[in-house]
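Here is the structure we will look at, set down as structure tokens.
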Amino acid sequence: MSDTHAQTVAFVRETQIPPSPPPVTEAGAVKWVRENLFSGVFNTVLTLVAIYFVARFAVFVFPWFYNGVWEASSRKECLDILDGATGACFAVLVDRWDHLVFGFKYPPDGYWRILVAFILLVVAAAPALFASLPRKLLFFTAFYPFLAFWLIWGGSLWFPLTILGLIIATVLVFRLISAQIPVNFRQIVSAVIGGICGIGLAYLLFIGAKELVFIANSVGTEGAIATIAYGVFWVMAVFAFVFCVPMGIFVGYAIYNSFEDGGLVSIVASLLFAYVAFSFLLAPIWMALNSVVPIELEAVASRDMGGFMLNMLLGTICVSLSVPLGILLALGRQSPMPLIKGVCVVFIEFIRGVPLITLLFVANVMLAYFLPPESNFDLILRVIIMITLFSAAYIAEVIRGGLAALPKGQYEAADSLGLNYNQATRLIILPQALKISIPGIVNVAVGLFKDTTLVSIISMFDLVGMIRGPIQNSTEWTSVYWEVYGFGALLFFVVCYSISQYSQWLERQLNTSHH
Amino acid sequence: MTTIADPHKESFRLSMLLNDTRYRSLTFQFIALVAIIATMAFIGGNLVRNLAEAGLNISYDFLGAQAGYDINQRPISYDSQDTHGRAAMVGLLNTLIVAVLGCVTATIIGVVAGVLRLSPNWLVRKIMAFYVEIFRNVPVLIWILIIFSIMINATPAPRAFRGDNATASMWLFDSIAVTNRGVYLPAPIWGPGSLLVVGVFLASIVGIFMYRRYARKQLFDHGKMVPTFWPSVALFFIPAILAQIVLGSPITLDYPALKGFNFQGGAQIRGSLIALWFALAIYTGAFIAENVRAGILAISKGQSEAAGALGLRPGRIMNLVILPQALRVIIPPLISQYLNITKNSSLAIAVGYMDLTGTLGGITLLQTGRAIESVLLLMLFYLIISLAISFFMNIYNNSMKLKER
């Protein structure tokens, strides 16, 4: 059969033709360009317009970068070197690098301390940021604040170490009373502590009542508002006076009464211990230790912090302080108790309703009036307090979202297991709610970090303050704008962009739902 | 028959206040109340003592005193003879002006950038992503200062417009001058009869809404598509222009002109206002772009496919199917962006734009030394503005929300 066929047909192909390549317009870069840049009239116009603007921008910016002068001692010298050509004067960054990063008052031979603190910050933050790292590294994270305080502010290493030691001692006191000692002995301890606290509280309330009468009398009764305030203060004073003895008895009794499960008494006892330890033991201990083994760095005052370092400092401290505070506020806002809920709602909505700059004004000019005359909080501490309160309100709202997103079944399951409020919140609710809220918290943190530049308005010399103050007001670098602002923008961009990329990565990691 | 005995009535014991959940929350709240009162006593006592020591008192009388400082950008008449209270009002109006301008511009920028970020055009997509990331990750204060330096340093001085070989020229047929002392625009002069033109213009806007309503009714009742876009544009412009011509041009424009060392006439917009306005708009626009993008992406693909299966064209799909649904997702974050613009407008103090913070929290505070009163009043103003914005925007949000039945 095939033989005959072979004779009748001149040629039979026995292998398949290899597929020919697609036409040039349908393959490779050309196809990509066609599909992504010139897929229609409208798209083509858009592309051309975009190319035009990018080209204009590049033509404008490229020589500016390329001709940039890196070595000069003043703007005038820069202009002389450029000799009429377009070009940046990056020499200002070289000349004032230390000021931009560390501020102009920090002792130059202490710059290494800031750098070490920064590197250790990365190490300390790593286990908190990446769950795959060994958990034991968290011990270093807990230790880091004390180390960083010593490195940045200087003084004796024994001061932060003693604080750490006293905190550990307080925790030990708590542990000891709550579980270790026998009930009989605990009953005696509870009676003593209850008695002390009861009498102390009654005394405090009595002082408070006197204070309120004093306030009411100095407010006076001139004008409607003053009269109302007068009345309110008097009512509060009477309230405090009437309840000072019953409250003292009740709280004392409550502390005594809790000796069996040890909960309240151990909290109160450890707080009492902490109060005594920090007011009477701290100074003698660290001074004694320091006189035996002096480990000291040159002390630097808070007002000498500046530059980008100050932004980092404020950002890190305020974010880490405001997360716990935000959790408490969010839980308070969810509370079924109307008074506690009301206080939290008013606080959160008030803070969210006013700009940060007004809170900084409060820190700058107002807070001193609200504190005892002998207390001397420096400006940086007052600013830290206000920024922390500010971001805590925003973080509280983020966490409230996380709490609301939890299915009701989680709360009910916790209840049905017989967990009390503390246990349910700590073991069931918060771990899940926090997981949901992490991206939101990171957003708030980035926003807060950017907002730390606002301190330049109350004349603190952070990065922006440095640029606007000492650098642009100096005779050498007056009217240098783009280089310094661009540099500031770049620093912030690098930090904020990395944080937001981390947040997106984390979101993908934590996304355990099945899409 | 079984009888259920009443539960044994426990007598009240003091320990129940702590251990019984029925009373425990009351106890806690009572303790919290006492703690609040104690804090008030502490703070108030300190305040009274500190004030007495400094020889001060709390009084708002300074609002009636003569301010003695000038405000360069003022929407209502004001001079240095006026009171601090009037200065604060000027500041409040300036805050509202920049907030409204910023919100409108930011919304436009944000919506355009957000939609373009989803464009099939690779280059445009990348440029928009670049814009969003750059502006979101750099503090708004730095942006304000950068744009302010552009307005001050990169614009020509008024004298550059002078002479035959002037290095700078005005824009748009010699009507707009961009100088380092601000931007000069033509200002309208309201001649006799101009009220009528304005009336016609307002009436035509009402007409546009009525016409759109009519078109909608036609569509729903009879299935007829009546064109709306071009008739709306025509209604917007033609009646007012006709009235202007018929009445013999009652509204004329006062053009800025170079006289002496500076421009005279027209309306001057300070560089500080422009810097604040654009910086806020571009910065917040980047955030709004992200919200818009998220809102559009939140609409499931099935919606646009179904609309396509019904035979709608891409433009219609966007307008009639995607955007109305996306709007529900976009509006709540948009509200908080508007609030952010209002609050961030307080950064005006960095460029010397006299808003509420610049007047009441700035010069008034420094001149009178009334720190507590000024800052409290300042906070109160911002609180009222914020609450008002969220109140009205929530009404709008509720009207847009999906009505679940």
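The table that follows gives values for the structure above.
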read-out: Of residues in region A:352-386 being more than 7 Å from chain B (Cβ to nearest Cβ) and assigned to a loop (DSSP other than H, G, I, E, B), the one farthest from residue A:322 (Cα to Cα); value: A:374
read-out: Which listed residue is touching a Leu at 6+ places or on another chain (Cβ under 7 Å), of a type outside the set (Phe, Trp, Tyr), in contact (Cβ under 8 Å) with a residue 12 or more places away in the chain and under 30 Å from residue A:202 (Cβ atoms), from A:330, A:254, A:269; value: A:254
read-out: Residue A:57 being within 14 Å of chain B (Cβ to nearest Cβ) and within 16 Å of residue B:120 (Cα to Cα); value: no
read-out: Set A:79, A:151, A:137, A:115: member being within 26 Å of residue A:277 (Cβ to Cβ) and of a type in the set (A, V, I, L, M); value: A:151
read-out: Selection status of residue A:480, crowded, with 22+ Cβ neighbours inside 10 Å, in a helix (DSSP H, G or I) and touching a residue at least 12 places away in the same chain (Cβ under 8 Å); value: no
read-out: Residues (at negative phi and out of contact with any strand residue (DSSP E or B) (no Cβ under 8 Å at 6 or more places or on another chain)) located in region B:180-197; value: B:180, B:192, B:195, B:196
read-out: Unmet requirement for residue B:75, which otherwise passes all of (1) closer than 30 Å to residue A:213 by Cβ; (2) surrounded by 12 or more Cβ atoms within 10 Å (Cβ to Cβ); value: (1)
read-out: Enumeration of residues in region B:220-248 that are small (Gly, Ala, Ser) and under 34 Å from the mean Cα position of the chain (by Cα); value: B:232, B:234, B:240, B:243
read-out: Number of the exception - residue A:508 against (1) within 20 Å of the chain's Cα centre (by Cα); (2) more than 10 Å from chain B (Cβ to nearest Cβ); (3) exposed (fewer than 15 other Cβ atoms within 10 Å of the Cβ); value: (1)
read-out: Helices (runs of 4 or more DSSP H) within region B:322-403 that include 1 or more residues closer than 30 Å to residue B:312 by Cα and of a type in the set (D, E, K, R); value: B:323-344
read-out: Pair list, Cβ under 8 Å, 6 or more apart: region B:52-68 residue more than 10 Å from chain A (Cβ to nearest Cβ), other residue of a type in the set (Gly, Ala, Ser) and surrounded by 13 or more Cβ atoms within 10 Å (Cβ to Cβ); value: B:63/B:85; B:63/B:88; B:64/B:85; B:67/B:87
read-out: All positions within region B:323-351 that are more than 16 Å from the chain's Cα centre (by Cα) and crowded, with 18+ Cβ neighbours inside 10 Å; value: B:326, B:330, B:349, B:350, B:351
read-out: Options A:268, A:300: the member that is within 26 Å of residue A:165 (Cα to Cα), within 37 Å of the chain's Cα centre (by Cα) and assigned to a helix (DSSP H, G or I); value: A:268
read-out: In region B:112-124, the residues that are crowded, with 21+ Cβ neighbours inside 10 Å and within 23 Å of the chain's Cα centre (by Cα); value: B:113, B:114
read-out: Yes/no for residue A:121 being among the aliphatic types (A, V, I, L, M) and without any contact (Cβ under 8 Å) to a residue 40 or more places away in the chain; value: no
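Per-residue answers, yes or no, for (1) under 30 Å from residue B:23 (Cα atoms); (2) assigned to a helix (DSSP H, G or I):
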position	(1), (2)
A:216	no, yes
A:222	no, no
A:227	no, yes
A:230	no, yes
A:233	yes, yes
A:244	yes, yes
A:248	yes, yes
A:252	yes, yes
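Rule-based calculations on the coordinates, nothing more; no lab input. Keep in mind it's a predicted model, so treat the numbers as computed, not measured. Backbone-built Cβ (ideal geometry, glycine too); neighbour counts: all protein chains shown.
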